[in-house]
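**Student:** Handing you this structure, nothing more for now.
Rule-based calculations on the coordinates, nothing more; no lab input. Because the structure is predicted, anything quoted here is derived from the model rather than measured. Note that we place each Cβ from the backbone using ideal geometry, even for glycine, and neighbour counts take in every protein chain shown.
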Amino acid sequence: MLDYFEQEIFPRKTLELWENIYTKYCLEFDKAVILDWGCHWGYLIKHIQETFSPSLLIGNDINEYWSKLQKKHGWDYKKSNNIRFTLGELNDIEIPSHRKLDYILCSYTLQYMHVEQLCMNLKQAYSLLKPGGMLICCIQLYGSCNNNDNTQWFNLSYLHIITGSRKISKFLKNKGISYPYINYLTPSSYFAIFAQIGFEVLNYDLKMSLSKDNYEKDYYEYLQTEKSWTSDEELMCNEMFVQLVKPIEANELEIIAPIIRTTNWDIL
Ligand SMILES: C[S@@+](CC[C@H](N)C(=O)[O-])C[C@H]1O[C@@H](n2cnc3c(N)ncnc32)[C@H](O)[C@@H]1O
C-alpha cells in the first residue's frame with residue numbers, strides 16, 4: 001500500500017502541483033538557485049532538474065525520504081552535481097553565503113509548524129533569499145475538510161474541528177499512530193507574519209471550500225457558533241497560495257546596477 005503511494009500517488013501529485021500551481025507564476029528556473037522547503041521524496045526537485053537547467057537545487061525536510069528514491073525509481077540524485085538535500089529545520093541548515101537563493105518553493109508544509117518555529121524558519125528563508133528573490137507557498141488551512149489527512153483514519157470530514165485535535169491525537173496514540181500537529185493560523189495571521197518578517201505579497205489566492213448553500217451548511221453553522229470571533233472568509237478558507245518577494249532595499253541597488261547600466265533607456 002505504501003509502495004503504491006510512494007511510486008504512483010506522490011509523483012502524480014507532484015506533477016499536478018507543478019501544472020496547477022507553480023506554472024501560474026512566471027518562474028525563471030534556468031541558472032537559478034532553488035530550494036524546495038518540505039521536499040518530501042524530492043519528486044519536485046527531480047521534475048525541475050529534468051525540465052530546466054538550474055544552477056543549484058536544494059531540498060530540505062525534517063524527514064529523510066529522498067534517500068529511498070534511488071531504490072524505488074533508480075534516480076540517483078548524487079550523480080547530479082547541482083543537487084543537495086538537507087535534513088532538519090530550515091533555521092538550522094547552512095547554505096554558503098555566495099549561493100543566495102532565487103526561489104524558495106514550499107508546498108503543504110508550513111501548516112505543520114508551531115508559530116514560533118514558523119517565524120524562525122521564515123526569517124531564515126528571508127535571509128537565504130537574494131534581494132528580489134521569491135518565496136512561493138501553498139498552505140492548507142486548519143479549517144479545511146480533510147486537514148491532517150483525517151480521512152485516512154476516520155471516514156468523516158472536519159473531525160479535527162468537531163472533536164478537537166487533542167482527542168484524536170490521544171485516540172490514535174493508543175493505536176500506536178502519531179497524529180501530526182497542525183497550527184491554527186488563519187490566512188490573515190499568515191499575512192501578518194509574512195509582513196512582519198519583511199516580505200511583500202506579489203500575488204495571493206484563497207481557495208474557499210465551504211459554501212453556505214451547499215450540503216456543508218450544518219457544519220458551517222457549527223463553525224460560526226464555535227468560532228464566532230473569526231470572520232466568514234477566514235472560516236471558509238481551505239487553502240492559500242501566496243507569492244512573496246524579498247524587496248530590494250535602497251542600499252542593495254548595486255545588485256541591479258549592472259542591469260541598469262546595460263539597459264538602453266531610449267527604447268523604454
Ligand atoms: C504534506 S507533505 C508535502 C510534501 C511536498 N512539499 C508536496 O507538496 O507534495 C509535508 C512535508 O513537510 C515536511 N515537514 C514538516 N515539518 C517540516 C519542517 N519543520 N521543516 C521542513 N519540512 C517539514 C514533512 O516531513 C513532509 O515531507
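**Student:** Give me ILE104, ILE177, ILE168 sorted ascending by neighbouring Cβ count inside 10 Å, so fewest comes first.
**Tutor:** Ranked by crowding around the Cβ, least crowded first: ILE177, ILE168, ILE104.
**Student:** So how do HIS98, HIS40, HIS160, HIS47 line up by other beta-carbon neighbours within 10 Å, fewest first?
**Tutor:** The order, fewest Cβ neighbours first, is HIS98, HIS47, HIS40, HIS160.
**Student:** So what is the calculated 222 nm ellipticity per residue for the chain, using -39500 (n - 2.57) for each DSSP H run with n of 4 or more, over all residues, to the nearest 500 deg cm²/dmol?
**Tutor:** Counting only the DSSP helices, I get -8500 deg cm²/dmol.
**Student:** Find out how many positive minus negative residues lie around SER188, taking Lys and Arg as positive, Asp and Glu as negative, among other residues whose Cβ is under 10 Å from that of SER188.
**Tutor:** Once all neighbours under 10 Å are counted, the net charge is -2.
**Student:** So if I place +1 on the C-beta of Lys and Arg and -1 on the C-beta of Asp and Glu, and nothing else carries charge, what would the dipole magnitude of segment 17-135 be about its Cα centre? I want it in debye, nearest 20.
**Tutor:** Approximately 280 debye in magnitude.
**Student:** Same structure again: Suppose we look only past 31 Å in the calculated P(r) of the chain. What percent of the Cα-Cα pairs does that tail hold?
**Tutor:** 33 percent
**Student:** Just to be sure I follow the rule: in segment 41-153, considering lysines 8 or more places apart or on different chains, how many pairs have Cα atoms under 20 Å apart?
**Tutor:** Lysine pairs meeting both conditions in segment 41-153 amount to 10.
**Student:** If we count other beta carbons within 10 Å of each Cβ, what is the order of VAL33, VAL115, VAL245, fewest first?
**Tutor:** In order of increasing Cβ crowding within 10 Å: VAL115, VAL245, VAL33.
**Student:** Further question: Of GLY133, ILE162, SER188, which is farthest towards the positive pole of segment 79-201's charge dipole, taken about the Cα centre with +1 and -1 on the beta-carbons of Lys, Arg and Asp, Glu respectively?
**Tutor:** It is ILE162.
**Student:** Let me ask you something else. Suppose we flag trypsin sites (Lys or Arg not before Pro) only when DSSP calls them loop and at most 12 other Cβ atoms lie within 10 Å. Which is the longest uninterrupted stretch of the chain?
**Tutor:** 32-174
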